[in-house]
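Here's a structure for you.
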Amino acid sequence: MGEPMGLFDKMKDAQQQAQSAMAGMPDMSTMGGDMAAQAAYAQKAQKLHSQGVEAPGQVHAIRTTGVTDPGGGQETDFDVTITPAGGQPYQTTIRQFMLPAMLEGISEGAAITVKYDADDPSQALIYGW
């Protein structure tokens, strides 16, 4: 049981490092997107970290977009099914920056843990696998 928490801690640390790197970048256009889009991603990550609802999910497809952040994270789209407690499963696409080592641990068909926005369940991020 210590290993999954270790993975969660590493992922959380990587997300915080990516957010710090994004916040410190004077020219956000080098990340393949405009400043507003990067700020929105950081805001979403912060909201889900503090207020997101945890739920199990399953990965159906994984696609990298070709965008890389300054910390080496690759922007990746994950087609997933999320099953909220007491609710109906639903499908969404999660776009998230992932370090290459983190991507090695996720494959199509994998069970994952997500946090989603209770106000907009299509907004979610992967927090464990």
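Laboratory data are not the source of any read-out in this text; all were calculated from the coordinates shown. These figures come from a predicted structure and were not determined experimentally. Heads up, the Cβs are rebuilt from the backbone with ideal geometry, glycines too, and the neighbour counts pull from every protein chain shown.
Under the condition of being among the small types (G, A, S) and not in a strand (DSSP E or B), which residue from segment 60-83 is nearest to L125 (Cα to Cα)?
Only one residue fits best here, namely G73.
Related question: Given the conditions (1) surrounded by 14 or more Cβ atoms within 10 Å (Cβ to Cβ); (2) in contact (Cβ under 8 Å) with a residue 40 or more places away in the chain, report the number of the one that D79 does not fulfil.
Going through (1) surrounded by 14 or more Cβ atoms within 10 Å (Cβ to Cβ); (2) in contact (Cβ under 8 Å) with a residue 40 or more places away in the chain one by one, D79 breaks only (2).
Counting only residues that are surrounded by 15 or more Cβ atoms within 10 Å (Cβ to Cβ) and in a loop (DSSP other than H, G, I, E, B), how many does segment 84-101 have?
2
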